[in-house]
Amino acid sequence: MNEKNNLLAEFEGVVSGHRDGHGFVIRDDGQPDIYLPSNEMRAVLHKDRVKARIVRLDRKGRPEGRVTEIIERPAAPIIGRLLQESGVWLVAPEDKRYGQDVLIPKGATGSAKTGQVVVVELTEPPALYGQPVGRVKEVLGEIDDPGMEIEIAVRKYGVPHEFSDSALAEARALPDKVRPADLKHRVDLRDVALVTIDGEDARDFDDAVYCEPAKVGRGKGWRLLVAIADVSHYVKTGAPIDVDAYDRATSVYFPRRVIPMLPEKLSNGLCSLNPDVDRLCMVCDMLVNAKGEVHAYQFYPAVMHSHARFTYTEVAAVLQNTRGPEAQNRKALVPHLLNLHDVYRALVAARNKRGAVDFETVETQIVCDESGRIEKIVPRTRNDAHKLIEEAMLAANVCSADFIGQSKHAGLFRVHEGPTPEKQETLRNYLKAMGVSQSISDNPHPSEFQQIAEATKDRPEAQQIHSMLLRSMSQAIYTPMNQGHFGLAFDAYTHFTSPIRRYPDLLVHRVIKAILTKQKYQLPALPTPGEAHAKLSKRLASRARPPVAGEAVKKPSADLLAWQAAGLHCSANERRADEASRDVEAWLKCKYMREHLGEEFGGVVTSVTSFGLFVTLDAMYVEGLVHITELGGEYFRFDEARQELRGERTGIRYALGSRVQVQVSRVDLDGRRIDFRLVSGNDDAMLRAMRDKTGGEGAPDQGGGRRLREREERAQGKATPRESTGPGKGATAKGGGRNKEARGSARGGAGKTRKGRR
């Protein structure tokens, strides 16, 4: 009876299209997604909000649905290429999840020409027997124009990329430099040797540091100053620039281009701590003891004068050789850099004692030429200068969170929860399958993850094990409810150090200023949350702990609800920025790899799925898919616990960390997908697997033996490589049928920028 009721019940959700023509309804109630066959997708579009019901279960018990009502169609435009076929104009969407071309009537093409990339506004929705109809709203240009991939991404993901006229007018009216009136009620630090340390290609400098030895309590220690650009002095709550900044929530970083959160006059001018000019700042002034613990701190507004703009490379060279050319060029500042290095070592010791998670991962940087084409992809190396700045920023962020928490003032914390029970169980099973003696407890501490990483660092599968540890982690979010930061092992943590490029940091500055002046900061009236906000809100609600029977549920205040909305908005737009950046990087990598079609490279397996292997090339740092059909003519089973594919006949295994030789076989620019084909180079692994299977007697018959085995499997109702369509545990040639990820795209590559997303 219950099953029958489930089939009749309607539910709401959002349609997620698939490039192969079918789709899914992502349910609002957090229940498993509902599969929509291609005929059901004819009348709906990707991102439509619908009502649907389950009409049947397939042979594996998975629900299949039917759309009963379209509740809402998003206003987001569709980006694609204008084509003409048999006299009919149409636009092929760049995002293949839309699944249908858009018809463009004569006279609705505007100035667009065949083959150009255009933005389309729908005028008629799709129907069971009719395609969607639209008009060209904007012409972006030719597909090969430099920067076209960015123009597509900002529109595809709805990234605001043009400031309002009122915001630009407000920016123009701002002064060009610090005025005498701005110095009122500020500490004058212009004689303190504060310096900025950033990457070679940095254009805005939002933090400066200074350190000197100091007596802390009865022992030795340091006075550490972290000075952050005082954006809140210029960007007033509710003003046009503030409205635009909140809408963006973050700067978005692409290769060769940044879409800033603030107008350039602020981000690269007034609020950038450029050398040899006066700048307004907010300072976190800390006393750090010899154990690396912050003994005391205070916040205050100040004026500073940066004594130098250092790069990480320069500082690392000075720290390695205090008599080298770099040190000689900056002789007066060398003692201050050595003090910073000393306090950094103490802070790192405190981090290790705290048990914070600190995995060494390979981050990469895309290097482009003037036309935007990739020249090379290189690994980013993190030296002591990077780590020095990171530890100083972490210390200031912790002090900010403590200051807000102690004052009982509402604000945004950066919260990182521990792994969910499901992820914990997956990780335990994996560690057990890999023969790792350590595991995690039911209520794990980050130190347990660090201990496992340390204990396995010399194993051949170290990279694979560390990758699984990372995957078990949750994503950090902004929220007014402080629940600590699991990965960093902090009881309270927030973001204070980048108000030029992150809106939560700007809010934290305003709250700290309000506390200092014994006032209360009031959030402005916020715009209606967008689609990304709604998606994240539902995902977080599905994770929330249900109230215990008899437990009093306290209704949140209007103030708290406003802060929750701001946190969700900033978290969702942070993800939007990441998705847009990854999309551009994937597009560039696909274009780059088209020049290497047919070439062979060595690589390592970085992800294993039921439909194949994702392999990252050693030389290129580019990831592509080896589909299961390219693994040879046998039946492979996916072992989730071991994260590996294993051949039933030969016993050959492909797992995270396996080394393989591949050939670039196909590049799909529109689908952001790179396909590899497995080539020779794995013969040793094959022979070892064969010997294991046959007790050293050599390889079994490759012809009749295999055909006999396949006949036996058919007789027993088992699938053979060329017949199966289901994903199951034994992934087969068709690679997972309905699996949403069975058409995985090119991924991996660029890591986060230096001050990251912690």
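The values are calculated or read from the model by the stated rules, or taken from the named source; none is laboratory data. Here the structure is a predicted model, which is why all the values come from computation and not from measurement. FYI the Cβ positions are ideal-geometry reconstructions off the backbone, even for glycines, and counts take in every protein chain you see. These accessible areas exclude ligands, DNA and RNA; they are computed on the full protein's heavy atoms, side chains included. Shrake-Rupley method; radii C 1.70, N 1.55, O 1.52, S 1.80 Å.
Of the candidates L427, L394, L388, L431, the single residue that is out of contact with any Asp or Glu (no Cβ under 9 Å at 6 or more places or on another chain) and without any contact (Cβ under 8 Å) to a residue 40 or more places away in the chain is L431. Among the residues of the range 100-144, those that are polar (S, T, N, Q), open to solvent by less than 60 Å² (accessible area, probe 1.4 Å) and under 23 Å from R73 (Cα atoms) comprise Q100, T109.
Under the condition of being open to solvent by 50 Å² or more (accessible area, probe 1.4 Å) and assigned to a loop (DSSP other than H, G, I, E, B), the residues counted in the range 169-187 number 5.
For E454, the test of being more than 24 Å from the chain's Cα centre (by Cα), closer than 23 Å to R642 by Cα, surrounded by fewer than 16 Cβ atoms within 10 Å (Cβ to Cβ) and modelled with pLDDT under 90 is passed. Residues in the range 115-135 that are over 19 Å from G158 (Cβ atoms), in contact with a strand residue (DSSP E or B) (Cβ under 9 Å, 6 or more places away or on another chain) and in a strand (DSSP E or B): T123, E124, G130, V133, R135.
For G158, the conditions (1) over 18 Å from R501 (Cβ atoms); (2) exposed (fewer than 14 other Cβ atoms within 10 Å of the Cβ); (3) modelled with pLDDT under 95; (4) of a type outside the set (F, W, Y) all hold with the exception of (2).
Hey, among R42, R97, R49, R62, which residue is open to solvent by 70 Å² or more (accessible area, probe 1.4 Å) and closer than 21 Å to Y157 by Cα?
Every option except R97 fails the conditions.
Here E531 fits the description: open to solvent by 20 Å² or more (accessible area, probe 1.4 Å), closer than 20 Å to A76 by Cβ, at pLDDT below 85 and among the acidic types (D, E). Out of the residues in the range 326-354 that are buried (at least 17 other Cβ atoms within 10 Å of the Cβ) and basic (K, R), which is farthest from R223 (Cα to Cα)? Per the criteria, the residue is R330. Reported count of residues in the range 104-128, each being touching a residue at least 40 places away in the same chain (Cβ under 8 Å) and more than 34 Å from the chain's Cα centre (by Cα), is 2. Every condition in (1) under 36 Å from the mean Cα position of the chain (by Cα); (2) under 29 Å from L394 (Cβ atoms); (3) open to solvent by 20 Å² or more (accessible area, probe 1.4 Å) is met by R190 except one, and the failing one is (1). Here S498 does not fit the description of being farther than 30 Å from V252 by Cβ and part of a loop (DSSP other than H, G, I, E, B). Just so you know, in the range 457-472 the residues that are open to solvent by 30 Å² or more (accessible area, probe 1.4 Å) and in a loop (DSSP other than H, G, I, E, B) include one that is farthest from I440 (Cα to Cα), and it is P460. When each of D28, D48, D33 is tested for being among the charged types (D, E, K, R), touching a strand residue (DSSP E or B) at 6+ places or on another chain (Cβ under 9 Å) and under 18 Å from V133 (Cα atoms), the lone residue that passes is D48. Restricting the search to the range 405-442, which residues are buried (at least 22 other Cβ atoms within 10 Å of the Cβ) and touching a Leu at 6+ places or on another chain (Cβ under 6 Å)? If the condition is that a residue be buried (at least 22 other Cβ atoms within 10 Å of the Cβ) and touching a Leu at 6+ places or on another chain (Cβ under 6 Å), then L412 is the only one that fits. When the range 647-673 is limited to residues that are acidic (D, E) and assigned to a loop (DSSP other than H, G, I, E, B), the one that is farthest from the chain's Cα centre (by Cα) turns out to be E648.
Does G147 count as surrounded by 15 or more Cβ atoms within 10 Å (Cβ to Cβ) and in contact (Cβ under 8 Å) with a residue 60 or more places away in the chain? Yes. Of the residues making up the range 641-683, those that are open to solvent by 30 Å² or more (accessible area, probe 1.4 Å) and among the charged types (D, E, K, R) are R642, R646, E648, R649, R653, R659, R666, D670, R677, D683. Residues in the range 95-102 include none that are over 24 Å from D583 (Cα atoms) and out of contact with any Lys or Arg (no Cβ under 8 Å at 6 or more places or on another chain). Taking the range 205-229 as the range and being crowded, with 23+ Cβ neighbours inside 10 Å and at pLDDT below 95 as the test, only D206 passes.
List pairs: first in the range 70-94 and in contact (Cβ under 8 Å) with a residue 60 or more places away in the chain and among the β-branched types (V, I, T), second part of a loop (DSSP other than H, G, I, E, B) and open to solvent by less than 40 Å² (accessible area, probe 1.4 Å), Cβ under 6 Å, 6+ apart or cross-chain? Pairs found: I79/E94. Restricting attention to the range 52-87, the residues that are among the charged types (D, E, K, R) and over 24 Å from D101 (Cα atoms) add up to 7.
One residue stands out in the range 289-325 among those that are assigned to a helix (DSSP H, G or I) and open to solvent by 70 Å² or more (accessible area, probe 1.4 Å): the one that is farthest from A227 (Cα to Cα), namely P325.
Does any residue of the range 195-214 turn out to be touching a residue at least 60 places away in the same chain (Cβ under 8 Å) and at positive phi? No: zero hits.
Scoring D402 on the criteria (1) part of a helix (DSSP H, G or I); (2) open to solvent by 50 Å² or more (accessible area, probe 1.4 Å); (3) more than 21 Å from H445 (Cβ to Cβ) leaves a single failure, condition (3). Of the listed requirements (1) closer than 29 Å to E293 by Cβ; (2) modelled with pLDDT of 90 or more, L470 misses just one: (2).
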